[in-house]
Amino acid sequence: MQKSASQKNSSSKSSTAPSFPSDHDVLYKEAYLRSINEPEKFWDEIASQSISWDKMYNQVLDNSNPPFTKWFCGGYLNACYNCIDRHVANGNGNKVALIQDSPITNTIRRVTYSELLDTISRLAGGLKKLGVGKGDRVVIYMPLIPEVVIAMLATVRIGAVHSVVFGGFASSELSTRIEHAEPKVVISASCGVEPNKVIPYIDILHEAIEMSHWKPDKCIIYQRKNILVSELDPHMDLCWESAMAEPAECVSVEANDPLYILYTSGTTDKPKGVQRPVGHIVTLMYTMNTIYGLRPDDVWWAASDLGWVVGHSYIAYGPLLYGSTSVMYEGKPDRTPDPGQYFRIIEQHQVSAIFSVPTAFRVIRKVDPHARYGSKYSLSSLKRIFIAGEHCDLETKNWMENIFKVPVLNHWWQTETGSAITATCVGYSQNLNVPNFTTGLPFVGYDIKVMAPDAKKLEELGPNQLGRILLKLPLPPGNMSTLYRNDDLYEKVYFTRFPGYYDTMDAGYKDESGYIYVTARDDDVINVAGHRISTSSLEDAILRHQDVADCAVFGVPEHTKGQVPLCLYVTKDGVKKPPAKISVEIIKTIREVIGPIASFRLVAKVQALPRTRSGKTMRKALADFARNKTVNLPATIEDPSVFIDIRRALNELGYANSAPSPLYAVKKRD
């Protein structure tokens, strides 16, 4: 693939960017202001220089039909070529692309770019033989092993669209996604593994297909022979090795064609499939150095999974586009087999930077607060840690910086955006000593407004005022292009309430220097007698208590104030102090830090909190449960049994007395 000369079309009107105080880095300010005032010139320079195109685009930006913005119109490219082929062509085929590290299966495996190219191209040929072509869908249901990345890139190599379903989802959830995406082929594995069990994926897959009205033509199954070899259905299933065929060449697709569909959490009756355009790879390539400061020879570790947006963007596409090495860790932070695994991985694979969620580090801190398990490993290769996905309290951040001896940089993004909305950009030489709690400055292309909650006024709030965070249109490249097969829902959910803006549905504020603070989902802001209080501010104060490892604060009804906060907390291991005493101390702390305005007096200890597998606290489920509402648990919940003890704690505080036991959402049938 060869780059051709760039053809430009600067027909769109520019918007006025906010001004920044002079203390911000000049490189960042210049890039940011250009991205807002001259978006076409800005993104044309990046796209034309960083990505290989089969045919160069003839229009950088088409915003004639907002919010269905298109970027790099008329440009043709292939994501697999940019991730794999071009690195091999440039002489880097022997470089390690993926490191599979699985302490559960006692496996460490390194796969080079040349090895990936060989397997991907042959699997792509096999998909073609099965009738998969440009625009067809392939559902992928696999554990975190190199074959899941191979399946993704083999799909996009021939112009098809992948939809990765997180391995371990129940058959009803998998069935819903199969039925909505209508794949010609499903690619799966014999099993996944957890610390104490083997999950038979093929059984889940067969049950899901049986439930679904849509039937794929074939299923390709990768047998994890060192763990479990499953019996195949001779009519439906094809083993991985037999699926290999003559290597297939890359198929060019237009930059606004779909790269993948990624289903977000929601009711099973209304699938919400984020559709990402192929041009997304321009942004991902740009962020690897600009945000994360990576160099091509660095080893990068995104401690997530495929099936979540972080895994798509920064286990698979981002690092492979950049030509670096990506770690795939199949394990837990604390018990596979001990809480020293993060430290071991850093030393053993010479990891330069980590991307994870705060919860992972809270887990390590809870069971090993002095990092005794980790102290035997060298962290000399590590340069920085990036966190996102949930609010990070100051106590956890300080602990991380003290233990790992590197900057901990928070940034904020969503499944819908595909990469960061705000960040502290290492590649722009930004000051890494940022204010506490900030998620950074707006990333290039994002014109961020903090608005009053009343959508009718569209009133922008001043510095340090808590409001709804909105993104002015047009959104920069890489954001979702629509919801798969549901343009109407796309417009309704994200763009109707605040015309001209993308509604993040997050709450936060902006300070005098332009730093953004994302405090909670807007639903998590508690209205106490007319005072809007963020749950994160209360949780930060609670986590200062020396005995508290984790907590969740949410609003519950109160007849005079409307709402008051309720706190459930988890203690650190080995704490013997009576819960009643700890609760009194927590209440005192809140009164000292926040003041009596919070009306904070409902506190109880629990064994664990409900979290999704990506680490997010399920505050809405807790609030609904406390209100005696029916709670339908998503398939993303880590451990639904925690609600047994949570009911006990809430009952003691006078809530959830008649709450139905939480249930998984059941798929409706005709």
> In whole Å, what three semi-axes, largest first, describe the equivalent ellipsoid of the stretch 537-599 built from its Cα gyration tensor (square root of 5 times each eigenvalue)?
Replying inline: 22, 12, 10
> Between ILE108 and VAL26, 0.36 nm times their residue separation minus their Cα-Cα distance comes to what?
Replying inline: 25.2 nm
> For the stretch 306-405, what's the radius of gyration and Dmax over Cα atoms, in angstrom?
Replying inline: 13.4, 37
>> Using a 7 Å offset from the Cα along the Cα-to-Cβ direction at both HIS370 and SER641, what is the distance between the two label points in nm, to one decimal?
In response: 3.2
> So what are the ³J(HN,Hα) numbers for the stretch 543-548, from phi and the Karplus equation (6.51, -1.76, 1.60; θ = phi - 60°), rounded to whole Hz, Gly and Pro as x?
Replying inline: 6, 6, 5, 5, 9, 9
> Remind me, relative contact order of the stretch 221-368 in percent, using alpha carbon pairs under 8 angstrom and six or more residues apart?
Replying inline: 17
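For the chain, what Kirkwood radius comes out of the mean inverse Cα-Cα distance, in Å? Working shown, then result.
Details: mean 1/r = 0.0388 Å⁻¹.
Hydrodynamic radius (Kirkwood, Cα only) of the chain equals 25.8 Å.
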> What is the packing order of peptides 291-303, 49-61, 584-596, taking the mean over residues of other C-beta atoms within 10 Å and listing the highest first?
Replying inline: 291-303, 49-61, 584-596
> Could you state the principal axis extents of the C-alpha atoms in the stretch 130-194, from the largest down, to the nearest angstrom?
Replying inline: 35, 26, 15
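Could you work out the mean projected area of the convex hull around the alpha carbons of the stretch 224-359, in square nanometres to one decimal?
Numbers: hull surface 50.3 nm².
Value for the stretch 224-359: 12.6 nm².
Restrict the search to the stretch 409-462; then list the GluC sites (Glu not before Pro) that DSSP places in a loop and that have at most 15 other Cβ atoms within 10 Å of their Cβ. Could the numbers behind the result be given before it?
Working: sites: GLU416, GLU459, GLU460; in loops: GLU416, GLU459.
Here the sparse-neighbourhood loop sites are GLU459.
Can you tell me, using C-alpha contacts under 8 Å and at least 6 residues apart, the relative contact order of the stretch 571-658 as a whole percent?
Working: 70 pairs, mean separation 23.7, N = 88.
Dividing the mean separation by the residue count of the stretch 571-658 yields 27 percent.
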>> Please list, in order along the stretch 289-303, the HN-Hα scalar couplings obtained from phi with the Karplus expression 6.51 cos²θ - 1.76 cosθ + 1.60 (θ = phi - 60°), rounded to whole Hz, x for Gly and Pro.
In response: 9, 4, 7, 8, x, 6, 10, x, 8, 6, 9, 10, 10, 9, 7
> Out of residues 5 or more away from ASN628 or on other chains, whose amide H comes under 5 Å of its own, with H placed 1.01 Å from N in the peptide plane?
Replying inline: ALA656
> In percent, how large is the relative contact order of the chain, given Cα pairs closer than 8 Å and 6 or more residues apart?
Replying inline: 11
> Where both residues lie in the chain, what percent of DSSP beta bridges are antiparallel, nearest 5?
Replying inline: 60
> Based on the Cβ-Cβ distance of GLU585 and LYS457, what FRET efficiency does E = 1/(1 + (r/R0)^6) give at R0 = 30 Å, to the nearest 0.05?
Replying inline: 0.10
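Per the helix-only calculation at 222 nm, which mean residue ellipticity applies to the chain, given -39500 (n - 2.57) for every DSSP H run of n ≥ 4 and division by its residues, nearest 500 deg cm²/dmol? Each step should come with its number before you reach the end.
Working: 18 runs with 180 residues, N = 670.
Only helices count here, giving -8000 deg cm²/dmol.
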> Extension gain LYS215-ASN651, at 0.36 nm per residue separation less the Cα-Cα distance, in nm?
Replying inline: 152.3 nm
>> Given a 1.4 Å probe and heavy atoms of the protein chains only, how would you sort SER252, SER352, largest accessible area at the top?
In response: SER252, SER352
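Quick one: net charge of VAL185's neighbours, Cβ under 9 Å, K/R +1, D/E -1?
Working: positive: ARG137, LYS184, LYS218; negative: ASP136, ASP217.
Residues near VAL185 contribute +1 overall.
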> Short version: ³J(HN,Hα) in whole Hz for each residue of the stretch 357-363, in order, from phi by Karplus 6.51 cos²θ - 1.76 cosθ + 1.60 (θ = phi - 60°), x for Gly and Pro, what are they?
Replying inline: 9, x, 4, 4, 6, 4, 4
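Add +1 for every Lys or Arg and -1 for every Asp or Glu among the other residues with Cβ under 14 Å from the Cβ of LEU228, and state the total.
On the way: positive: LYS197, ARG224, LYS225; negative: GLU194, ASP203, GLU231.
Residues close to LEU228 contribute a combined charge of 0.
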> By how many nm would the segment from SER513 to GLN348 lengthen if fully extended, with 0.36 nm per residue of separation less the alpha-carbon distance?
Replying inline: 55.4 nm
> Of the beta bridges DSSP finds with both residues in the stretch 369-464, what % are antiparallel, to the nearest 5?
Replying inline: 60
>> Need one number for the stretch 620-660: average projected area of the convex hull over its C-alpha atoms, nm².
In response: 2.7
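Averaging over every viewing direction, what projected area does the convex hull of the Cα atoms of the stretch 573-655 cover, in nm²?
Working: hull surface 26.4 nm².
Reported value for the Cα convex hull: 6.6 nm².
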> Using modelled amide H (1.01 Å from N, peptide plane; none on Pro or chain starts), what sits under 5 Å from the amide H of TYR263, excluding residues fewer than 5 places away?
Replying inline: VAL274
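The values are calculated or read from the model by the stated rules, or taken from the named source; none is laboratory data. Note that the coordinates shown come from a computational prediction; the quantities given were computed from them, not determined experimentally. All Cβ positions, glycine included, derive from the backbone under ideal geometry; neighbour counts span all protein chains shown. All accessible areas refer to the heavy atoms of the entire protein, side chains included, with ligands and DNA or RNA removed. Shrake-Rupley method; radii C 1.70, N 1.55, O 1.52, S 1.80 Å.
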